[in-house]
1. Counting just the residues of the range 172-200 that are farther than 23 Å from residue 216 by Cα and touching a strand residue (DSSP E or B) at 6+ places or on another chain (Cβ under 7 Å), which one comes out surrounded by the fewest Cβ atoms within 10 Å (Cβ to Cβ)?
2. State yes or no: is residue 218 in contact with a strand residue (DSSP E or B) (Cβ under 7 Å, 6 or more places away or on another chain), surrounded by 15 or more Cβ atoms within 10 Å (Cβ to Cβ) and at pLDDT 95 or above?
3. Among the residues of the range 130-157, which ones are within 18 Å of the chain's Cα centre (by Cα) and in a strand (DSSP E or B)?
4. Any residue at all in the range 240-249 that's within 19 Å of residue 149 (Cα to Cα), touching a helix residue (DSSP H, G or I) at 6+ places or on another chain (Cβ under 8 Å) and not in a loop (DSSP other than H, G, I, E, B)?
5. May I ask you to say which residue of 86, 65 is at negative phi, under 19 Å from the mean Cα position of the chain (by Cα) and outside any loop (DSSP other than H, G, I, E, B)?
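The values are calculated or read from the model by the stated rules, or taken from the named source; none is laboratory data. Note that the structure is predicted; figures quoted are calculated from it, not measured. A quick note on method: Cβ atoms are made from the backbone with ideal geometry, for glycine too, and the neighbour counts reach across all protein chains shown.
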């Protein structure tokens, strides 16, 4: 009986060993096939441009900052017939400590761009092309408002930059804890709208606005507005005299890529 059982078990054990060996070979082959598959590169993503504001009718250099842009070879313009664009180069860039890469980017592609004079604000988009196409990045195109460049040192009430309404100030929160202060003269009862354009166009700036009167009393502070990180203030001026508008990053961050456009105009 024992001999019979043994004779029966030997072939069975051999079969089991063969099956296990076959499974091991299949698993190894499958593993090798998986390893052999090339790793897919994530699609490029444009977050913002440096400088943030683009001027129609002028040839200018832009650095498009974002994720996975180091291998970009081409950039397409959408929404501006006759636009000319040339890729200068692409590269990886360092991410500062404690700054999220999804906010500031880890790579950039430098381009030379010339938009036609009739390019419409809000209509022009860029697509970066590498192994695949990026998102459509909406450019902040200068409109017909009078423009002023932010001038340092404007970090305090005593050194505030004087502006005349209406105006669009193009500036940068240049470093951590940087403050940009602007001064304008208004009349009692005048309605004024103050708006930051930054985060809606990808800038890493999370703006925080403060408006003060001539005695430096705070009239209003705004962080976010209408679901955006871009603050908007509308107010009726309580008297004749000087008023101050200060802009900071809500998290005290900053850098040469923290661009903004500050609009101050009668409402």
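1. So the residue we want is 200.
2. no
3. Matches in the range 130-157: 133, 137, 138, 140, 141.
4. yes
5. Result of the check over 86, 65: 65.
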